[in-house]
Structures are given as C-alpha cells and as structure tokens.
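Some notes on the structure that comes next.
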Amino acid sequence: MYAYDEFSVLFWEGNVMLGEGASFPLGQMTTEFLNIDVKVLQEIHRRTKDFAKDARILFIEKNSGAVLPVQEKINAVWDVIFDLPFYRNLPLNIYGARNLFPALLQDKALWKDLMKDGTERNKAFMVFIDKLEYFAQSIENFRGQISGMLDLYFENLPRRNSEAYAVAYAKYFREMIGGGDMLSIEQEFVQGFDLKVKFVPLLHPTMKGKPIFAEETKFSSLSFFLYTDFYRGLIAGNIPRRCHNCGRYFLLNKGYDTCYCNNIAPGETEKTCRKVGAHKKEARKEGKTPTRLEYDKVYNKFKTRRARGKLSDDEWNAAVALALEYKDKAEAGIITDVELKQLYDKM
C-alpha cells in the first residue's frame, strides 16, 4: 500500500509516473512544490504539531478513550497533505490513514504491544510521529535550497542545456563543500539518499501495446523524491525557472530558452506572461524598460484626469511624485515589475 512516507514511483524516458498512470516530465513536481504558498506549509506545521502533542500524551497515558480525538487531529493533517500536488495523483490508502488509530485499537494484542514502551512497534510509531511533525520543515528546507541554487547559480546562464547545468551545479557544489578540488577533498555536503531500486518492464501509459523499460524507486520521504526529481530533471535538461513577469516557477524543458511562463499574466484576463514578455522585449528595443513602460502608463492616466478636471494641481503633483517614487524603487530592484504594476493599479 502507498502511504505518505512510503511510496514507489517509476522513472522512464525523462518522465516520472505515480502509481497507476499519472505521468509528469522530470522536474514538474519540483516546480509545483516551489510554487506552493508558504501559508500551506505553515498550516501543515501547525496541524502536525497539534497532532504530535496529543499523540505523545496518548502513548504516555495509554488512554484508549483519547483514540478518536487523536484520529481527528491526524485527519486534519491529512486534509492538507493529501491535497498537495504529488499526493493528489498517488494511489494512497486514504481509508487506512483516516482510520489508523481505531483500527489499531481493535486488535488488542497489537494495541498492547504498541503501547508498551521500547517495543519495535512502539519505537516505529514514535519515528512516525517525529517524521510527520518534521514534514513541512523538510519541504521548506528543500524549497529554500533549490530556489537559492536556481537564483544564484542557474538564472544567468548564457545557455540552457545539460552541459551548462552541470557547470553551474559544479560551481554550487564546490562552494558548498568549501572550494578546492571537489573530487579530492573531504565532502561534508552530499546530495544522496538511501533508496530501493528495481528495474521493470511495463506498457507505455499512453501508447497502447508499446513496451517500455522503467526504474521503480521506493522512497521513505517526499523530500527525498523531490530532490531526486530535481536532479534527474537537470540530467535530462529540464529545470524550474522563475518567470520574469509573474515571479512563479515554470518548468523549462530541454531545448527551450525563455524567461516567461505561459500562464495568464497578473492583471490580465487573456494575455500570458510570455505574450507580455514579448511586448516588453519590443519596448526594450525602443529604449524603454518595463518599469518605464508602467510609469508612462500611470503618468498618462493621471495626465488625462487632470486635463478633465478630475484632479487638482496638488493631487496631480502628489500622484506623480508617488509614481516616481515607486518607479525608482523598481529600477533599484527593491520591488519587482509585478509589484510595481500592483502599486500603480491601486493609485
């Protein structure tokens, strides 16, 4: 059975397959987790701490009457975790997870062994509680490391291919282990995980009758899978990149080089960031930056209002002064172009 901390995936032809057929290009799941709102992880952390506190009390007091309240606490955790991108497509044993403690209580011998301090089952459950409590932090650690690596070492690469990514990662790796010859010095910084791997034949998920050869890998942690997905993606030439317009990450597939995603741009109803980016690119050819374009739009808006008598001279002067202040902040890199547009929209 698949569980939140015990699951297998299939790697094949630059793709990862979850469970019984949901397939994604390498790096896609990493990209989705980089885009998760931090408030979601904070809520998971709050709920897991709430559950862990009551679960530990249950194991101390061994009060079977607390089983249902504790199950309710862990179900509140599952409500958020099982709605995360990865778990939506994994064939989880959701019924078992949502009835874990009552099921354990029904087996009197098992329950007695579980509640006895120091038994293997008891120690295993303590590990389960600890891991669940650390779940959100492990994802946040992953996001912090990968986003920092991407922004500092990969964003300004002159080329977008596996070789360029290898050079960028080598620089990152050397700096993480303290410089020098990365093949000869003692390496304290290691990106490696204990995994169980086997190789299996199976049928192609979309091309009927076509056989493929795949690697089935078993993970004991979502963060281990995400690191593997990210690095396998780099090897395949796929990489998450932060959109220069909306600031969200998108997956840049092998052979492509663009700094804009294809999602609807902020403040637009139809135009994608890629189309908005093309407009900005043309404006740069004419000597105008995206920041200057936004400033010109808001300036002309206030100029029109003043000409129609909808703004007094004092209001006009104050509005232009504030618009200039925001423009200066954007040009200094204090705020992004998206934040500048949002501020101008509120004026």
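Listed values, structure above:
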item: Pairs where the first residue, in the range 307-319, is farther than 15 Å from Lys346 by Cα and the second is surrounded by 10 or more Cβ atoms within 10 Å (Cβ to Cβ) and not aromatic (Phe, Trp, Tyr), C-beta under 6 Å, 6+ apart; result: Leu311/Arg305; Trp316/Arg306
item: Residue pairs meeting the criteria (Cβ under 6 Å; at least 6 apart or on separate chains; first at positive phi, in the range 232-257; second crowded, with 16+ Cβ neighbours inside 10 Å); result: Gly237/Lys254; Gly247/Val338
item: Among the residues listed as Leu252, Leu226, the single one being crowded, with 21+ Cβ neighbours inside 10 Å, farther than 25 Å from Val190 by Cβ and either in the same structural domain as Gln191 (by TED's automatic domain parsing) or in contact with a strand residue (DSSP E or B) (Cβ under 6 Å, 6 or more places away or on another chain) (or both); result: Leu252
item: Residue list for the range 37-63, filter: closer than 18 Å to Val127 by Cα and free of Cβ contacts under 8 Å to residues at least 12 places away in the same chain; result: Lys53, Ile57, Ile60
item: Out of Ala323, Ala278, Ala318, Ala283, sole residue that is in a helix (DSSP H, G or I) and at pLDDT 85 or above; result: Ala323
item: Test: residue in the range 48-59 that is of a type in the set (Asp, Glu), assigned by TED's automatic domain parsing to the domain that holds Arg232, out of contact with any Leu (no Cβ under 8 Å at 6 or more places or on another chain) and at pLDDT 95 or above; result: yes
item: Tally, over the range 102-126, of residues that are within 16 Å of Val70 (Cα to Cα) and without any contact (Cβ under 8 Å) to a residue 60 or more places away in the chain; result: 8
item: Options Asp50, Asp54; residue that is among the acidic types (Asp, Glu), part of a helix (DSSP H, G or I) and closer than 19 Å to Leu105 by Cα; result: Asp54
item: Single condition Lys271 does not satisfy, out of (1) free of Cβ contacts under 8 Å to residues at least 12 places away in the same chain; (2) crowded, with 20+ Cβ neighbours inside 10 Å; result: (2)
item: Selection status of Lys301, surrounded by fewer than 17 Cβ atoms within 10 Å (Cβ to Cβ) and outside any helix (DSSP H, G or I); result: no
item: Residue in the range 169-185 that is hydroxyl-bearing (Ser, Thr, Tyr), closer than 30 Å to Leu84 by Cα and modelled with pLDDT of 95 or more present; result: no
item: Residue identified as touching a helix residue (DSSP H, G or I) at 6+ places or on another chain (Cβ under 8 Å) and of a type in the set (D, E, K, R) among Arg143, Arg174, Arg159; result: Arg143
item: Extreme residue, farthest from Gly14 (Cα to Cα), among residues of the range 225-275 that are part of a loop (DSSP other than H, G, I, E, B) and hydroxyl-bearing (Ser, Thr, Tyr); result: Thr269
item: Any hit, the range 25-40, residues being closer than 29 Å to Lys196 by Cα and over 20 Å from the mean Cα position of the chain (by Cα); result: no
item: Out of Leu34, Leu90, Leu41, sole residue that is among the aliphatic types (A, V, I, L, M), within 30 Å of Asn253 (Cβ to Cβ), in the same structural domain as Tyr4 (by TED's automatic domain parsing) and at pLDDT below 95; result: Leu90
item: Filter result for Ala124 (exposed (fewer than 15 other Cβ atoms within 10 Å of the Cβ) and assigned by TED's automatic domain parsing to the domain that holds Thr48); result: yes
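The values are calculated or read from the model by the stated rules, or taken from the named source; none is laboratory data. On a predicted model such as this, the values are computed, not experimentally measured, just so you know. Neighbour counts run over all protein chains shown; Cβ positions are idealised from the backbone, glycine included.
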